[in-house]
Structure formats: structure tokens, C-alpha cells
Amino acid sequence: VQELEISHPAAKMLSLAATMQDSECGDGTNLTVSFAGGLLHSTEELLRSGLHTSEIIAGFKKAGEKLHSILPQLVTSTVTEVNEETLAKGIMPVLAAKLYGSGEVLAPIVAQACLATANKSSSSTSGLAVNPEAVRVCKILGGNMGQSQVIHGFVALRGVETSITSAKDAKITVFGCGIEASGTEAKGTVLMKNAEDLKGYNKSEEVKMEEIIKSIADSGTKVVVSGGTVSEMALHFIERYNMVCIKIPSKWELRRLCSAVNASALVRLGPATPDEMGYADEVSVQEIGGRPVTIFRQTKSLEDGCKLATILLRASTSNVLADLERAVDDGVHACKQLCKDGRLVPGAGATEMELAVQIRNFADSCPGLDQYAIRAFAKTLEFCPKILAENAGLNSSHVLAGLSAAHVNGNAQAGVDIEGGLDGTSDNKTGILMDNPICDILITKESAFSLALDAALTVLKVDQIIMSKPARGGR
């Protein structure tokens with residue numbers, strides 16, 4: 001949706017709803033757009049049947065209120081004790097939906113990274129709060145998905161500048177500027193009368209640089225990080241005083257490193273105060289996938305909550321890596337929602353089908369013309385199991401009929417079996433999963449349905465759209 005250039009206001013409304021869902025929950029954007037689009041498609045049929053827009057809006061509002069009252073009753077389990085196992089189980093469907101087969105590998109990794117960076121919170125039901133900004137992703141081409149790992153700390157995708165490549169219990173000084181002799185703002189003329197003047201001119205620069213580097217080393221610093229260039233002379237003295245030096249030209253990366261090691265980036269050359277210095281248990285260079293990477297590990301500080309965790313992703317192609325990165329991002333946001341509210345509802349289209357059955361029964365009890373809108377709302381909810389069945393290569397009409405019958409008979413957890421229907425050895429040829437182990441996060445569903453309904457109602461309330469022609473750039 002972010003890549004599309006949308007000019008129509010109605011389509012823009014759906015795009016905004018998806019963007020809001022992504023920023024709030026990090027998942028369920030497809031559900032938001034599909035449900036809002038389905039409601040608008042149902043509206044077209046209702047208008048052709050002779051219903052007025054006001055009656056459709058009233059029916060959709062009633063159905064929306066009923067939906068939000070039913071959803072909490074469908075909760076099957078609640079994550080009360082947050083640990084690696086419960087988090088991994090809760091986010092596995094989210095990851096598997098992005099890249100099929102990645103859930104079992106990535107779920108424990110994402111759960112481990114989120115727990116390492118989680119902070120204590122009194123507002124959430126689990127007592128923990130996950131900050132998605134604290135979980136970073138590094139992509140290295142080559143290998144396979146099973147070689148992905150969590151590193152508690154920061155990973156820079158480059159080697160160090162010095163011959164010394166590792167340091168333990170390292171104090172870190174971070175410079176936002178380059179480590180070199182800065183030039184003057186105004187032009188100056190140096191008059192040299194003899195050879196001694198020429199020798200002394202160069203030596204004074206050396207003496208001054210050595211004095212600066214020595215003062216940095218005397219402060220206890222073992223690792224120097226520069227946000228700009230490092231001159232050869234500065235590098236020579238850094239080597240002499242047995243320090244590790246690394247260049248990180250990106251300001252964003254430098255800011256993340258400062259957050260990970262709890263340092264402040266200096267804009268002046270000189271020793272840092274103890275408050276400005278950072279700390280890492282170990283700084284070392286490793287070769288992963290044929291390229292050197294520098295790892296700032298935080299192992300001892302894990303009990304207090306690590307400031308930053310890095311998920312190192314491996315895959316054979318850049319397209320798979322990009323998909324894995326998106327899956328991890330959604331997984332981290334799902335962890336955040338689980339820690340905030342741990343209630344889970346049945347997945348695999350079971351929740352949508354149960355809502356459709358109950359709202360259809362509700363429509364039968366409603367007098368007036370808005371009952372047709374409520375019935376159309378219930379029918380629209382069936383899009384989720386229908387799409388799942390079609391994508392799995394199943395007969396969607398047969399699956400929907402069987403699923404509807406199962407829910408009417410009281411099995412609220414029956415969902416679409418995307419594997420059993422095609423597996424020749426399986427006893428289940430219907431494509432319906434009666435004992436459904438798949439769970440979705442309640443708060444994500446609530447948000448998606450609410451935003452989709454708001455977007456559809458906003459479009460329906462518009463009487464007339466007047467669009468200006470795009471500017472032709474002076475032609």
C-alpha cells in the first residue's frame with residue numbers, strides 16, 4: 001500500500017486506515033483493507049436494491065457495535081505469564097502469514113529479542129512493555145533462514161579500522177565528528193624561512209594529535225567510534241595506545257549504537273566524561289557470510305534489560321531477506337500487543353465465520369430496512385475464510401458451507417485447514433480444521449475491524465466528490 005500512488009479520495013481513505021493499523025498494531029493491514037473494500041462492494045449491491053445510504057450506514061453501525069460486543073466472548077486463552085514459549089506461540093501465525101514456513105524458525109528468535117529488551121510496565125496486563133525500536137534487524141546475504149540468530153547488543157555491518165579487533169569489558173567513546181585535525185574557517189598563510197620551520201610545523205600537529213589520543217586512552221577508553229573520517233595520523237596513535245577504532249558514517253546507526261551502549265556522541269575531540277562514555281561486555285569482529293561485522297555484545301546487563309537487541313537474518317536471496325525483515329517487524333509489533341493485552345481468539349478464519357453467523361442471527365431479530373445492511377455486513381465477514389480456502393487451492397464454496405454448518409452447530413473454533421485438504425495421506429479432505437490450534441491476537445482484530453468500518457462509513461457519508469485535474473507542469 002505504501003508503494004501505490006493513489007489519487008482517488010475513497011481509495012486514499014482505505015490506504016490511511018491501513019497505515020494507521022500498521023502504526024498501531026504492526027499487523028492486520030490486509031484484513032483492514034479487504035474488509036473495508038468488501039463493505040463498500042456490499043454497499044453497491046444494497047444501493048441497487050433500493051436502500052438509502054442513511055439506512056446502510058445505520059445498519060453497518062449496529063452491526064459494528066454487535067461485532068465489538070461479540071469479539072471478547074470468543075477469547076479462547078489469555079497469555080498471563082510472558083516467556084519465550086508463550087510469546088513464540090502467540091506470534092507464530094503472524095510470522096507464518098508473511099512467509100509460509102518461517103514461523104517455526106523466526107518465532108523463538110523474535111520472542112527472545114523482545115524479552116531481552118522489554119521494560120517493566122504497570123499499564124500492561126503482563127507487567128512488561130516491548131519497544132519495537134529496541135529490536136533491530138541486520139540482513140546478511142547467503143546461508144539459510146535457520147542460521148539466523150539473536151545478538152544482545154549492536155551489530156555494525158563493517159570491520160574495524162585498526163589491527164586490534166577485540167576488547168572485553170570495554171569503555172566506549174563515541175564521536176559524532178571525524179577524528180582528524182580540523183581545518184580553519186579562514187584562509188591563512190604560513191611563512192617558513194628555513195627547514196627547521198617546516199619540520200616544526202608538522203611536528204606540532206603530531207604532538208597535538210598524540211596529546212588528544214593519549215587523553216582519550218587515559219580516560220579508560222578501549223573502543224573509539226567515529227561518525228566521520230579518521231586521519232592516518234590519528235589511526236597511528238590509536239594503534240599505539242592499544243585501542244579499537246570503528247567508523248560508522250550513518251547518523252541513524254550512530255544514534256542506535258549510543259542507545260545500545262548508553263553513550264553520548266561527542267562533537268569535540270577530547271576525553272569523554274564517565275557519564276558520556278558507553279560500555280559493552282565485549283566488542284569483537286566476526287566474519288559472517290564472507291563479510292566482517294563488528295559486534296557490541298551486552299551479556300551481563302541482560303538482567304537489567306538490554307538496551308538493544310539485533311536479529312541477524314540470513315537467506316539465499318535479497319527478496320527472501322526483505323520478506324523476512326517485514327515478517328520480523330510484524331512479529332515484534334505482535335509481541336508488543338501480546339504484552340499489552342494477552343487475549344487470543346481462534347485464527348484460520350474461525351473468528352470471522354463465528355462473527356458472521358452471530359451477526360446474521362442478529363439481523364433476523366432486527367425490524368426495519370437496516371436489517372439488509374446488517375446481513376450484508378455478516379456476509380462480508382466471510383471474505384477471510386473464503387480467501388484462505390482459495391489461496392490453499394480448495395473449493396471455497398464447499399469449505400464455506402462446511403464451516404458455516406460447523407459454527408451453526410456450536411463449534412466456534414472451526415477454521416480453514418490450508419494443508420489437510422490437499423494432503424493425500426490426510427484423513428481430512430474437507431479443508432476444515434475442527435480442533436483449531438491457531439490463535440490470533442484480539443486487540444489486533446478489534447483495531448482492524450474498527451478502522452475498516454470507520455473508513456467505509458466515512459466514504460459512505462460523502463455525497464459528492466469533486467476532483468481537480470492534476471497540474472501539467474506548465475505545458
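Scanning region 381-405 for residues that are in contact (Cβ under 8 Å) with a residue 60 or more places away in the chain, open to solvent by less than 20 Å² (accessible area, probe 1.4 Å) and assigned to a helix (DSSP H, G or I) turns up nothing.
Of 337, 298, all but one fail to be out of contact with any Ser or Thr (no Cβ under 7 Å at 6 or more places or on another chain) and either more than 19 Å from residue 145 (Cα to Cα) or without any contact (Cβ under 8 Å) to a residue 40 or more places away in the chain (or both); the exception is 298. Of all the criteria given as (1) open to solvent by less than 40 Å² (accessible area, probe 1.4 Å); (2) more than 19 Å from residue 307 (Cβ to Cβ), the one not satisfied by residue 247 is (1).
Could you tell me whether region 80-101 includes any residue that is in contact with a helix residue (DSSP H, G or I) (Cβ under 7 Å, 6 or more places away or on another chain), open to solvent by 50 Å² or more (accessible area, probe 1.4 Å) and hydrophobic (A, V, I, L, M, F, W, C)? Within region 80-101 (the criterion being in contact with a helix residue (DSSP H, G or I) (Cβ under 7 Å, 6 or more places away or on another chain), open to solvent by 50 Å² or more (accessible area, probe 1.4 Å) and hydrophobic (A, V, I, L, M, F, W, C)), the answer is yes, since at least one residue qualifies. Starting from residues that are among the acidic types (Asp, Glu) and touching a residue at least 40 places away in the same chain (Cβ under 8 Å), keep the ones in region 33-62 and report whichever is most open to solvent (accessible area, probe 1.4 Å). Filtering first and then ranking leaves 45.
Mind checking whether some residue in region 159-166 is of a type in the set (A, V, I, L, M), modelled with pLDDT of 85 or more and either under 20 Å from residue 277 (Cα atoms) or open to solvent by 80 Å² or more (accessible area, probe 1.4 Å) (or both)? No.
Mind listing just one residue for me: the one in region 1-32 that is touching a helix residue (DSSP H, G or I) at 6+ places or on another chain (Cβ under 6 Å), touching a residue at least 12 places away in the same chain (Cβ under 8 Å) and among the β-branched types (Val, Ile, Thr) and, of those, surrounded by the fewest Cβ atoms within 10 Å (Cβ to Cβ)? Checking each candidate, the answer is 1. Residues in region 308-358 that are over 14 Å from the mean Cα position of the chain (by Cα), among the β-branched types (Val, Ile, Thr), farther than 28 Å from residue 434 by Cβ and assigned to a helix (DSSP H, G or I): 320 alone.
Considered as a group, the residues in region 110-131 that are crowded, with 22+ Cβ neighbours inside 10 Å and within 16 Å of residue 147 (Cα to Cα) include one that is modelled with the lowest pLDDT, and that residue is 113. Does residue 90 meet the test of being at pLDDT below 85 and under 27 Å from the mean Cα position of the chain (by Cα)? Yes.
Within region 231-252, not a single residue is in contact with a Pro (Cβ under 8 Å, 6 or more places away or on another chain) and in a strand (DSSP E or B). Which one of these is in contact with a Leu (Cβ under 8 Å, 6 or more places away or on another chain) and among the aliphatic types (A, V, I, L, M): 324, 400? The conditions single out 324. Restricting attention to region 200-241, the residues that are hydroxyl-bearing (Ser, Thr, Tyr) and under 23 Å from residue 274 (Cα atoms) add up to 5. Sort out which residues of region 264-285 are within 19 Å of residue 151 (Cα to Cα) and either open to solvent by less than 40 Å² (accessible area, probe 1.4 Å) or without any contact (Cβ under 8 Å) to a residue 12 or more places away in the chain (or both), and write them in order of number. Of everything in region 264-285, those that are within 19 Å of residue 151 (Cα to Cα) and either open to solvent by less than 40 Å² (accessible area, probe 1.4 Å) or without any contact (Cβ under 8 Å) to a residue 12 or more places away in the chain (or both) turn out to be 278, 280, 281, 283, 284.
Can you say whether residue 365 is crowded, with 17+ Cβ neighbours inside 10 Å, free of Cβ contacts under 8 Å to residues at least 12 places away in the same chain and either of a type outside the set (A, V, I, L, M, F, W, C) or under 19 Å from residue 450 (Cα atoms) (or both), as far as the supplied structure shows? Answer is no for this residue.
The values are calculated or read from the model by the stated rules, or taken from the named source; none is laboratory data. What you see is a predicted model, and the numbers here were worked out from it, not measured in a lab. Because the Cβ atoms are built from the backbone with ideal geometry, glycine has one as well, and the counts that use them run over all protein chains shown. Heads up: the accessible areas ignore ligands, DNA and RNA and are worked out on the full protein's heavy atoms, side chains in. Shrake-Rupley method; radii C 1.70, N 1.55, O 1.52, S 1.80 Å.
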